[in-house]
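Participant: Here it is, the structure, as C-alpha cells.
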Amino acid sequence: MYVKVEPSGCCEDKGLVRVRLDMFLDPEDYGYEKRYVQLPVIPAEGYRGEVDKIGMPADTKDYRAWKDSLPKVWQNNPFHSHFIYVEFDTTDKEIMDIGEAFLHECYIKWALDLGLASFEHQPRNNDLPFVFPETVTLERRATLDVRVQSLKTTTLERKV
C-alpha cells in the first residue's frame, strides 16, 4: 500500500497549509479489487447526444449505450482520502511521516470493514499539533502560498 499527496487538495486554509493524502492499495492488500476499477475513457468533445438546459443527457438509454461503447481503462482509486493541516515550514518528510501513520490506521479500519466513510470510523487529527492562527497576515499568506505551490509541483509518495 502507499500514500500520496494529492495536489488538487492542497491549499491555504485559515492560515495553515491543508494537505490531501490519498491512500492506495496494492494487489496483495485486502479489498484491492474494490478500488481497482474499470472506467470509460470520455473523449474531449464529451457526449454528443441531445442534452437538456443544464447539460444532462435528454435520453438516458442513449447516453448509457454511448458510455458503454467507450474504451475502458483500469484505475487504482484511493481507498481513503484524508486532510491534514500543517505549518508552512513542515518538511516533505514530516508530511509523509504523518501520511504513513494515517495510512496504517486507515488500512486497519479498511481491513476490518469498519466503513471509513462513516464519521465514527474516520481517523482523527487530534495528535497533530495544529492551531489555526487568530490573524493571517499578508506576509504569512504569501509564505503559505509558496509552500502550497511546492506541494502542487512535487510528487510526494511513500510505499510501505
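Participant: Could you tell me which numbered condition MET96 fails, if it satisfies all but one of (1) outside the structural domain of THR155 (by TED's automatic domain parsing); (2) of a type in the set (A, V, I, L, M); (3) modelled with pLDDT of 95 or more?
Facilitator: Status for MET96: all satisfied but (1).
Participant: If you don't mind, there's one more thing I want to ask. Taking segment 60-94 as the search range and keeping residues that are more than 23 Å from SER150 (Cα to Cα) and of a type in the set (Phe, Trp, Tyr), which one is surrounded by the fewest Cβ atoms within 10 Å (Cβ to Cβ)?
Facilitator: My answer is TRP74.
Participant: So, of the residues in segment 98-114 that are surrounded by 12 or more Cβ atoms within 10 Å (Cβ to Cβ) and free of Cβ contacts under 8 Å to residues at least 12 places away in the same chain, which turns out to be farthest from THR155 (Cα to Cα)?
Facilitator: LEU114
Participant: Which residue is farthest from ARG140 (Cα to Cα), if the candidates are limited to segment 1-18 and must be of a type in the set (A, V, I, L, M, F, W, C) and outside any strand (DSSP E or B)?
Facilitator: MET1
Participant: If you don't mind, another one. Based on this model, can you work out whether PHE83 counts as aromatic (Phe, Trp, Tyr), assigned by TED's automatic domain parsing to the domain that holds VAL136 and either touching a Gly at 6+ places or on another chain (Cβ under 9 Å) or within 30 Å of THR135 (Cα to Cα) (or both)?
Facilitator: Yes; evaluated as a whole, the condition is true for this residue.
Participant: Let me ask something else about it. Can you tell me how many residues within segment 1-51 are within 19 Å of the chain's Cα centre (by Cα) and among the small types (Gly, Ala, Ser)?
Facilitator: Residues that pass the stated criteria total 3.
Participant: Looking at LEU39, LEU21, can you tell me which residue is in a strand (DSSP E or B) and outside the structural domain of GLU105 (by TED's automatic domain parsing)?
Facilitator: When all the criteria are applied, what remains is LEU39.
Participant: Hey, could you check segment 131-160 for residues that are among the β-branched types (Val, Ile, Thr) and part of a loop (DSSP other than H, G, I, E, B) and say which is surrounded by the most Cβ atoms within 10 Å (Cβ to Cβ)?
Facilitator: Per the criteria, the residue is VAL136.
The values are calculated or read from the model by the stated rules, or taken from the named source; none is laboratory data. In this text, all values refer to a predicted model and were calculated from it rather than measured experimentally. For neighbour counting, all protein chains shown are included, and Cβ atoms are generated from backbone atoms with ideal geometry for every residue, glycine included.
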